[in-house]
1. Can you say whether Glu12 is at pLDDT below 95, surrounded by fewer than 16 Cβ atoms within 10 Å (Cβ to Cβ), not small (Gly, Ala, Ser) and not in a helix (DSSP H, G or I), as far as the supplied structure shows?
2. Criterion first (without any contact (Cβ under 8 Å) to a residue 60 or more places away in the chain, closer than 20 Å to Tyr25 by Cα and assigned to a helix (DSSP H, G or I)) does Leu73 satisfy it?
3. Kindly indicate whether Ala61 is surrounded by 13 or more Cβ atoms within 10 Å (Cβ to Cβ) and either among the aliphatic types (A, V, I, L, M) or modelled with pLDDT of 95 or more (or both).
4. What tally of residues in the stretch 34-66 results from selecting those that are in contact with a Lys or Arg (Cβ under 8 Å, 6 or more places away or on another chain) and without any contact (Cβ under 8 Å) to a residue 40 or more places away in the chain?
5. Scanning the stretch 43-70 for residues that are part of a helix (DSSP H, G or I) and of a type in the set (D, E, K, R), which turns out farthest from Ser26 (Cα to Cα)?
Amino acid sequence: MSCWTKRGCDEEMSGRCPHVSAEVYSPCPADCNYSFCSNPQHIIAKDVSLLLDPEVDRTAAIKEQCYYCEFFLTNGPKIDKSVHHE
């Protein structure tokens, strides 16, 4: 399981987390008390091209905090360009 797929809240809290929704993508906001990431690989990215990389699939991240994480931006899933939307 990738770190960007784990919420910060425990199982009990996840059951009543206002950010969990099966119908709509709703990541835990960065200011949520339970979105804190304590993983040693969590480093805030400083490279603007990495932060703005259009190929990173940000919907794979369950927490907004991952959007700025160098580890996620470098190792997270990329958007599949072979899928064409008409």
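1. For Glu12, the condition - at pLDDT below 95, surrounded by fewer than 16 Cβ atoms within 10 Å (Cβ to Cβ), not small (Gly, Ala, Ser) and not in a helix (DSSP H, G or I) - is not met.
2. yes
3. yes
4. Of the residues in that region, 6 qualify.
5. So the residue we want is Glu70.
The values are calculated or read from the model by the stated rules, or taken from the named source; none is laboratory data. Worth saying up front: this structure is predicted, and the values here are computed from it rather than measured. Ideal geometry is used to build each Cβ from the backbone, glycine not excepted, and the neighbour counts take in all protein chains shown.
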